[in-house]
Each structure stands twice: as structure tokens, then as C-alpha cells.
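Structure, as C-alpha cells:
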């Protein structure tokens, strides 16, 4: 681990992050969140309270195999960075810097993230975690520049949009297209749409792999949506043929997620048959769904998409979703364990 550096006349010492830093880390996180809300007021206000921020940073730190680094100026904590480790069938061995897993004091250059990462990340590689993920505010250009300089790139965007009275007047249907809520009789037809998203995203420029065993399980997983009392599944039809769907749920954020407001729903999955893309099905579905959500008292809707997916990257912002967080990704060359010159 990097021991210390001197920058602008200040000596910064790097030490492993530990439980004792949690209260001060919460103060830094609450202040960072306040700055984030100045750029993006849609973010929940409650996290500006250090007591609420403490719940978030503690939840992130209590994730499995968390490790990281802290920066001290004298005895004062001025920054921290830590990640938990996830061992997953699809993603492999990965390290995740959650939204609550990093913060710097106001006025401290984001360039210090380079040293923080240098101090924290070797412990992630020691567990075989060569894929690193960071949740970063989409409107913080200085923060993003720091991570880009470390070789990270955008992988996933998370967007929020308000649900307003104006959303209660659907105008998206046209011609033969109709929109309706799904029912038990739609199980087979909906399950047959399970491959749509994967079939698109395994191609250029997304190239998101889907192992055969995961793809084979998807029709049953889609069918089970109709058994979920929380699911709100909408179908677009033309002449009785289902051509598109959107499924919504009450948003259930983790305690370490800082970007999900109260009274928020989540658009969890959506797809349109290739022959019908660009013909208004997504807008018609969204308008019907948002009307229903407004009537239920929801005030916000969250969704996410691969930034390399050109269809999603156009469609969701056009439907009012503002990017609030990016999931950044860097893959470390595994040969670094033995190719040392």
C-alpha cells in the first residue's frame, strides 16, 4: 500500500480502511451527497444527514470481503475508497465500489482517487478480482475524469425521471397498436420474449455474453413474473400479437445506494420485437405504465441500461430519464500476477 504523498504542502498518509473510520466517512459522504444534489436535485435529500449517510457507508462496508484505503491529513480523515468482492457465476470474481464506498472532503482534488485506488486495489487482486466496478455520479465531471484516467469506462447508466400528472394522458398508441396489462393467459407468449434483449446485446457494440445455461433459464424466469404480486407487466399488441413489453416493480434499493428516492418505481426489463422497433411501442407502453404508477402514488421511476447499447441510450433519455449514476468498469490484465519483468 502507498504509505504517504505530499501534495500542495500537505502530507497525506494512506492506511487500510477500518471500522473506526465509519463516523468520519459518513460526514464526508453526506457532504459529497449534498454537492451531488446541487447538480441533481432528484437524488434523495435524506442522505445529506450524516446519521443517514452512516447507515449507507456501514451497509457498504459490511458487504462480503470489503477492503480499501483511507487518506489522513494528520489525524483527519479526508477521503476513503473501499470495495466488496462478489463471486458470481456470470460475472466471475469482481470488486464493487458502491455509491457509499467512496468520498473525498470538499476542496480536495479528485486526483487523489488515483492514489486511493493504488492503495486499495491490490487487496482486490489478491482475491482474484480482476474486474473492478465503481458507482459514480453522472454529473460529477471531475470525479469521472479521475476514474477515466485510471482506465475505467462507462458500462451501465442509471436514470431517474419524475412521474407527473401529465403522464396520465397516454398519446402513444397509433393505428392497430394497443397496450394492456398482462394476465395469466399471457405466460407462454411473454416467456417466448425472454431472448429478445440478450439476442441484441450479444452483438456489436455491446457484446454482453450470456452463457447457454443462463439463456435456457430465462423463459421460466420471465414466466414467473406473472406470479409476482409486485410486478406490473404491460404488453403492446398489434392484431393480437405481442410486440413489446415493459415490467415495473416498486424500487427496492440497497442501503448503500444513494440515488433512489422515496416513492420510486423501477422499470426492470423491456424489449420490442425487432420488426417493430422505432414505431412508438416503447413510448406507448411507458405512457400507460406511468399513468398507472401516478395513480398508485409513485413520484419517480428508475431504470438502467448498457451505455454501449445504442437503442437504449437513445430511448430512455428521450422518455425523460436523466442519467444520475454510471457504473464504471475496468478489467485488469491477469498476467500482472506473474509478468513482472
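The values are calculated or read from the model by the stated rules, or taken from the named source; none is laboratory data. The shown structure was predicted, so the numbers you read here are calculated from the model rather than taken from an experiment. Every residue, glycine among them, receives a Cβ derived from its backbone with ideal geometry; neighbour counts consider all protein chains shown.
Which residue is surrounded by the most Cβ atoms within 10 Å (Cβ to Cβ), if the candidates are limited to segment 16-48 and must be farther than 20 Å from residue 324 by Cα and out of contact with any strand residue (DSSP E or B) (no Cβ under 7 Å at 6 or more places or on another chain)?
Just the residues of segment 16-48 that are farther than 20 Å from residue 324 by Cα, to begin with: 16-27.
Checking which are out of contact with any strand residue (DSSP E or B) (no Cβ under 7 Å at 6 or more places or on another chain) leaves us with 18-20, 22-23, 26-27.
Numbers: 18: 12, 19: 9, 20: 10, 22: 18, 23: 15, 26: 23, 27: 16.
Among those residues, the one meeting the criterion is 26.
Given the structure, is residue 136 within 23 Å of residue 251 (Cα to Cα) and either part of a helix (DSSP H, G or I) or within 19 Å of the chain's Cα centre (by Cα) (or both)?
Numbers: within 23 Å of residue 251 (Cα to Cα): yes; either part of a helix (DSSP H, G or I) or within 19 Å of the chain's Cα centre (by Cα) (or both): yes.
The answer is yes for residue 136.
Just checking, how many residues over segment 75-92 are at pLDDT 95 or above and in contact with a helix residue (DSSP H, G or I) (Cβ under 9 Å, 6 or more places away or on another chain)? Write out each step before concluding.
Looking only at segment 75-92, we keep the residues that are at pLDDT 95 or above, and these are 76-87.
Checking the rest, the ones that are also in contact with a helix residue (DSSP H, G or I) (Cβ under 9 Å, 6 or more places away or on another chain) come to 76-85.
Total satisfying the criteria: 10.
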Failed condition for residue 94, given (1) under 21 Å from the mean Cα position of the chain (by Cα); (2) buried (at least 17 other Cβ atoms within 10 Å of the Cβ); (3) closer than 22 Å to residue 142 by Cα; (4) free of Cβ contacts under 8 Å to residues at least 60 places away in the same chain: (3)
